[in-house]
Amino acid sequence: MTRLRAPILAIAGLGLALAGAAAAQGPDEGHFVSAAGLQALVGKAKDDPAIAPLPTGPGATVLAARRLKPGEVEVHERLNDEFVVQSGHAVVRVGGRVNGNRQTAPGEWRGGEMTGGHSYQMAPGDVLWIPAGSPHQVTPKGGAFRYLAFKFEAKPAPAR
């Protein structure tokens, strides 16, 4: 976790710069970030993964991400993920079981070894929804993989 602190602070600074640029917009006028702006957020970062928060409304988090190498297995107990691929190719494995992971924050788990699940071959324009609680891992293929990660709180299932 300490290893990630400096990149997160740099990324937070980028997010604040975006928020400052959006402040000129009225509260009912939405938030706009151009495609060039999205690429610039993570394009020059030396860290991997490079992740930058985007302005959103309540109940959602959107991250612009770039990966150059395989990520750790992740499990979010209360958050659904939706990936929208911008450029590059990757295999995203979803489901199965994880052994040996560690809790990094309440409801957040990283690392370990994944067994089972399904592998999705991701390319520009593809969308993948990952339900809360499902292990997943991103492995770029042949260079940088850029995507948007939309994170939404999972609603509890209605009682039967």
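The values are calculated or read from the model by the stated rules, or taken from the named source; none is laboratory data. Treat the numbers as computed from the prediction; the structure is a model and nothing was measured. Here the Cβ is made from the backbone with ideal geometry for all residues, glycine too, and neighbour counts use every protein chain on show.
Brief remarks follow.
- Residues within segment 114-155 that are in contact with a Pro (Cβ under 8 Å, 6 or more places away or on another chain) and under 15 Å from VAL94 (Cα atoms), tallied: 6
- Residue in segment 95-104 that is within 13 Å of PHE150 (Cα to Cα) and either out of contact with any Phe, Trp or Tyr (no Cβ under 7 Å at 6 or more places or on another chain) or of a type in the set (S, T, N, Q) (or both) present: no
- For segment 134-157, filtering for residues that are small (Gly, Ala, Ser), within 22 Å of ASP47 (Cα to Cα) and either buried (at least 16 other Cβ atoms within 10 Å of the Cβ) or touching a helix residue (DSSP H, G or I) at 6+ places or on another chain (Cβ under 8 Å) (or both) leaves 2.
- Scanning segment 113-133 for residues that are assigned to a loop (DSSP other than H, G, I, E, B) and buried (at least 17 other Cβ atoms within 10 Å of the Cβ) yields a count of 2.
- Segment 1-101 holds strands (runs of 3 or more DSSP E) entirely within its bounds, and those carrying 1 or more residues that are modelled with pLDDT of 95 or more, among the hydrophobic types (A, V, I, L, M, F, W, C) and surrounded by 11 or more Cβ atoms within 10 Å (Cβ to Cβ) map to 74-76, 79-87, 90-94, 97-99.
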